[in-house]
Amino acid sequence: MTSDAMTFKTTIPAGRLFRSACVAAALAAAPFAAAPVAAASFDGHWSVLIITQRGDCDTAYRYEVNVTGGRVVYAGEGDFTVNGSVSGSGAVRVSIVRGSQSAQGGGKLQGTAGAGSWSGKSSTAVCSGRWEASKR
């Protein structure tokens, strides 16, 4: 990761880990170097549909997130730690940890839409799937 990539670490509220992890993973991919101004083009409200394709997790979720200054922000209930970055090219990397549970994903935002994949694990389950996002 270059010094131009926008990164953040924050503890924010959320519901169940996989549900919350899916939201963050829905905006996830390997970060690329980008100017902060370019990353701002993805700022705004996004609706994210998470679809589980493998594992014993809920079939689907839809969650709302905000991207501000290249940062992904989810305002749910509970406690977990989110680390991530958004580049001007639309690539994002986000990981979530809550105790022994974790999740990460990959994908790309382009214009007002995005898609990709996610995976997560806990002490009792390993799940993965795909995501779709649309800017509102």
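None of the figures in this text is laboratory data; all of them are computed from the coordinates on show. Just so it is clear, the model here is predicted, and its values are computed rather than measured. FYI the Cβ positions are ideal-geometry reconstructions off the backbone, even for glycines, and counts take in every protein chain you see.
Observations
- Calculated FRET value between Val73 and Ser100, using beta carbons and R₀ = 30 Å, to 0.05: 0.80
- Computed label-point distance, nm, for sites Ser47 and Ala125 using a 7 Å Cα→Cβ extension: 2.4
- Shown in residue order for the range 114-122 are the 3J(HN,Hα) couplings computed by the Karplus curve 6.51 cos²θ - 1.76 cosθ + 1.60 at θ = phi - 60°: x, 7, x, 10, 9, 8, x, 8, 9 Hz (x for Gly and Pro).
- Cβ-based exposure ranking for Ser85, Ser102, Ser47, in which fewest neighbours within 10 Å come first: Ser47, Ser102, Ser85
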